[in-house]
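Notes for the one structure printed next.
Read the figures in this text as sums done on the coordinates, not as results from a lab. Everything quoted here is computed from the prediction, not taken from an experiment. Every residue, glycine as well, gets a Cβ built from its backbone with ideal geometry; the counts of neighbours run over all protein chains shown.
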Amino acid sequence: MNAILENERLRVTIADRGVELVSVVRKPDLDGGEGACEYIWQGDPQYWAERAPLLFPICGRLPGGRDGHYYWRGRRHEMTIHGFLRSKTFAVESRDATGVLMALEDDAETFAQYPFKFRIEVRVTLDGDNLDWNVRVRNRGAEDALPFAFGFHPGFNVPLGGSPAFNEWELRFEGATAPERIVFSPAPSCLDTGTTIKFPLDGGDTLHLAHSLFENDAIFLRGWGSAVTLRSDGSPRSVRVIPGEGFSSLGLWHAPHSDAPYVCVEPWTGLPSREGAEEDFATKEPFFRPGPGEEVSLGLRMQFS
């Protein structure tokens, strides 16, 4: 069942399946009239059927492709790209007009592919133009540390509100100094090669959008700054994404070799597996590893202006 968060400015819809953000609409646009704006990509399967999944316990691919594998204590486990969180239905623990708390614990299905005991709480709060995400991952096990990464994968419509054209939009970075692109192997493997290259921004802070940017799949950056805004000089609408501490890379993506009318802005704490190597969760990096009874907290703010 979807949760509706609403204030005098925005109406937000959150699915209990994966705590996926499925809609953000400004109040003047609810009647669907000319110029109405849905901020969130609506999952057209021609390009990409999802909207804004949460990624856990991995970000990206493991060795073996979209349905990859890893090892834990000598045993092989299989796991699909980005993990399993997006396919799981969360329990709604509390809800009011401007906030919802959803939770998920390990079960037989998760344990078969990820042999760890965990609890994830996701609190989403609407405050004015801001949508705040607070995630807590707790190790429910009694012996082992809990190895995991976490990522956000929201897709935003481009253009917002129907105009101007895709290539008249840009991503404006705050606090960027000298970003580097993390080089992935060519699709379909898309694994971390262990190398980086300089990724200069126009004027030191701006990436102008073009479909050709994504011909080699996603762009992942480190040293990119503290916040990024999807904007255009030709529109009053924008989306600002502000990750909290712990997110080591930022991904930008839409379906490659296409004219897809959206862009994903993806803060990740982890990376795909290293090209040419097997993966062991005892040594995979970057990973969080809270001990028994410990937890990790992560946060993200989205501003819809």
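Distance between the C-alpha centers of region 278-305 and region 112-133? Whole Å please. The two parts, judged by their Cα centres, are 12 Å apart.
Amide H to amide H, with H built 1.01 Å from N, G141 comes under 5 Å of K117, G293, counting only residues 5 or more places away or on other chains. Modelled spin-label separation between T283 and R66, with each label point placed 7 Å from Cα along the Cα-to-Cβ direction: 3.0 nm. Projected over every direction and averaged, the convex hull enclosing the alpha-carbon atoms of region 133-282 yields 10.4 nm². Eigen-decomposition of the gyration tensor built on the alpha-carbon atoms of region 106-211 gives equivalent ellipsoid semi-axes of 35, 22, 15 angstrom, largest listed first.
Based on alpha-carbon atoms, the Kirkwood radius and the radius of gyration of region 31-102 give Rg/Rh equal to 1.13. Per-residue Karplus couplings for region 263-280, computed as 6.51 cos²θ - 1.76 cosθ + 1.60 with θ equal to phi - 60°, are listed in order as 9, 9, 10, 10, x, 10, 9, x, 9, x, 5, 6, 4, x, 10, 6, 10, 10 Hz, Gly and Pro entered as x. Working note: 222 nm ellipticity from helices only, DSSP H runs with n ≥ 4, each -39,500 (n - 2.57), summed and divided by the residues of the chain, gives -500 deg cm²/dmol to the nearest 500. 3J(HN,Hα) along region 13-28, derived from phi through the Karplus expression 6.51 cos²θ - 1.76 cosθ + 1.60 where θ = phi - 60°, amounts to 10, 10, 7, 6, 7, x, 6, 7, 6, 10, 6, 9, 10, 6, 4, x Hz, with x in place of Gly and Pro.
3J(HN,Hα) couplings calculated from phi for region 225-237 with the Karplus curve 6.51 cos²θ - 1.76 cosθ + 1.60 (θ = phi - 60°) are, in sequence order, x, 10, 7, 9, 10, 7, 8, 8, 5, x, 9, x, 8 Hz; Gly and Pro show x.
Using Stokes-Einstein with the Kirkwood hydrodynamic radius over Cα pairs, what translational diffusion coefficient do you get for region 259-305 at 10 °C and a viscosity of 1.306 mPa s, in µm²/s rounded to a whole number? Show your work: numbers first, answer last.
Working: Rh = 14.6 Å.
Translational D for this selection: 109 µm²/s.
Its Cα centre serving as origin, region 2-304 has a Cβ charge dipole (Lys and Arg +1, Asp and Glu -1) of approximately 440 debye. When region 2-304 is described by a simple charge dipole with +1 on each Lys and Arg Cβ and -1 on each Asp and Glu Cβ, the residue from F199, F56, A277 located farthest towards its positive end is A277. Structure remark: mean-square fluctuation, Gaussian network model of the chain, C-alpha springs under 10 Å; the largest value among G223, G151, G276 belongs to G276.
Any idea what diffusion coefficient region 9-140 gets from Stokes-Einstein, in µm²/s, Kirkwood Rh on alpha carbon pairs, 4 °C, 1.567 mPa s? Rounded to a whole number, D works out at 78 µm²/s.
Between P186, P243, P63, the GNM of the chain built on Cα springs shorter than 10 angstrom shows P186 fluctuating the most. Volume of the convex hull of the chain (Cα atoms only), normalised per residue: 127 Å³.
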